[in-house]
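K.L.:
This is the structure I have questions about; it appears just below.
The values are calculated or read from the model by the stated rules, or taken from the named source; none is laboratory data. These figures come from a predicted structure and were not determined experimentally. Glycine also receives a Cβ, built like all others from the backbone with ideal geometry; neighbour counts cover every protein chain displayed.
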Amino acid sequence: MSGEASVLSSQQGMVVTLTLNRPALLNALDSEMAEVLRDAIKTVASNASARVLVLRGNGRSFCGGGDVAAMHAHRHDLPTFIEKTIDPFHACVLGLQRLPMPVIACAHGALAGGGFSLAMACDFVVAARSARFVVAYPKLGAPADGGLSFFLVSRLGSARGLEALTTGGQFTAAEALQLGLINRVADDDDLERATGEWVSQLLALAPQSLRELKGLVAAQSADALEAHLNREKAAFLRCAATPEFAARVAAFADKADKAHKRAG
């Protein structure tokens with residue numbers, strides 16, 4: 001390991017930016033990264049000078065989902081390993097929802113599985129035109145985590161939400177915008193500027209009004225989301241205990257390894 005932090009934090013004025021920082025692995029989530037992100041979100045929550053949080057990813061993607069290679073390495077005790085990741089990951093999702101300031105996801109590349117969930121947990125999503133939002137879980141024989149089954153059903157309705165979850169639905173940025181999953185689409189080379197423009201619009205609002213609005217909207221769903229995350233975790237762990245899940249993880253990890261060797 002390089003020793004570099006898996007999540008980078010910076011502040012410019014009243015804007016805090018958290019950057020997922022495992023670019024060689026498409027910012028795949030493992031337990032260490034989830035714990036660091038959870039703690040960084042807690043720090044932002046107590047930062048009296050912060051009025052907006054931007055969440056982004058280094059490298060080619062925002063977040064490619066869970067670290068399947070790490071899952072495969074712990075294949076002899078998958079439920080225990082996954083629980084160590086899912087607990088801090090769910091704390092991240094709830095933490096983003098309950099932050100007193102708005103959160104903007106600056107999304108590019110692949111947002112798969114948990115990466116899709118993480119973006120949906122933000123208040124706003126600005127996406128690069130080439131971004132792809134991928135459910136991904138069916139390939140692993142898993143239901144969902146990070147609240148994705150909550151977010152998709154609440155935003156798409158039960159029929160379309162369940163369809164996406166069972167088919168491993170993939171959405172382009174344009175499709176996600178049309179469906180109301182994200183807020184804005186920008187050309188790839190204009191993503192940072194478009195995100196900064198929205199940040200400026202939020203900062204122009206009265207600070208107390210902005211905090212009150214975030215609190216009012218979050219209060220409608222945060223408690224329901226917390227209960228749902230507990231159900232998602234239990235369902236995921238039941239699936240993780242099956243031979244089918246272990247076999248699919250192995251197949252996925254093998255495919256990814258071969259692709260990496262070809263690319264190298």
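K.L.:
What is the residue count in the stretch 71-116 for residues that are at positive phi and buried (at least 24 other Cβ atoms within 10 Å of the Cβ)?
P.N.:
1
K.L.:
With the condition being not aromatic (Phe, Trp, Tyr), I'd like the strands (runs of 3 or more DSSP E) fully within the stretch 123-232 carrying at least 3 qualifying residues.
P.N.:
Strands (runs of 3 or more DSSP E) meeting the threshold: 124-128, 184-186.
K.L.:
Shifting gears a bit: Search the stretch 71-114 for residues being of a type in the set (Val, Ile, Thr) and part of a helix (DSSP H, G or I), and hand back the single one that is farthest from the chain's Cα centre (by Cα).
P.N.:
Taking the candidates together, the pick is Thr80.
K.L.:
Turning to a different aspect of this structure: Of the numbered conditions (1) surrounded by fewer than 17 Cβ atoms within 10 Å (Cβ to Cβ); (2) in contact with a His (Cβ under 9 Å, 6 or more places away or on another chain), Glu4 fails exactly one; give the number of that condition.
P.N.:
Failed condition: (2).
Conditions (1) closer than 25 Å to Gln201 by Cα; (2) in contact with a helix residue (DSSP H, G or I) (Cβ under 7 Å, 6 or more places away or on another chain); (3) among the acidic types (Asp, Glu); (4) in contact (Cβ under 8 Å) with a residue 40 or more places away in the chain, marked per residue:
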site: Gln97; (1), (2), (3), (4): yes, yes, no, yes
site: Ala107; (1), (2), (3), (4): yes, yes, no, yes
site: Arg129; (1), (2), (3), (4): yes, yes, no, yes
site: Ala142; (1), (2), (3), (4): no, yes, no, yes
site: Leu156; (1), (2), (3), (4): no, yes, no, no
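K.L.:
Being aliphatic (A, V, I, L, M) and in contact (Cβ under 8 Å) with a residue 40 or more places away in the chain is the filter here, so list the residues in the stretch 171-192 that pass it.
P.N.:
Result: Ala173, Ala174, Ala176, Leu177, Leu181, Ile182, Val185, Ala186, Leu191.
K.L.:
Restricted to the stretch 25-70, and to residues that are of a type in the set (Lys, Arg) and in a loop (DSSP other than H, G, I, E, B), which residue is surrounded by the most Cβ atoms within 10 Å (Cβ to Cβ)?
P.N.:
For the stretch 25-70, the residue satisfying everything is Arg51.
K.L.:
Can you name every residue in the stretch 58-88 that is out of contact with any helix residue (DSSP H, G or I) (no Cβ under 8 Å at 6 or more places or on another chain) and of a type outside the set (A, V, I, L, M, F, W, C)? Reasoning before the result, please.
P.N.:
Going residue by residue through the stretch 58-88, those that are out of contact with any helix residue (DSSP H, G or I) (no Cβ under 8 Å at 6 or more places or on another chain) are 73, 76-77, 80.
Those that are out of contact with any helix residue (DSSP H, G or I) (no Cβ under 8 Å at 6 or more places or on another chain) and of a type outside the set (A, V, I, L, M, F, W, C): His76, Asp77, Thr80.
K.L.:
Sticking with this one: Assuming Gly147 fulfils every condition listed in (1) on the phi > 0 side of the Ramachandran plot; (2) free of Cβ contacts under 8 Å to residues at least 40 places away in the same chain; (3) surrounded by 24 or more Cβ atoms within 10 Å (Cβ to Cβ) apart from one, which condition is it?
P.N.:
The single condition Gly147 does not satisfy is (2).
K.L.:
All but one of (1) at pLDDT 95 or above; (2) in contact with a strand residue (DSSP E or B) (Cβ under 9 Å, 6 or more places away or on another chain) hold for Gly169; state the number of the condition that does not hold.
P.N.:
(1)
K.L.:
Among Leu29, Leu37, Leu94, which is the only one that is of a type outside the set (D, E, K, R) and out of contact with any Asp or Glu (no Cβ under 7 Å at 6 or more places or on another chain)?
P.N.:
Leu37
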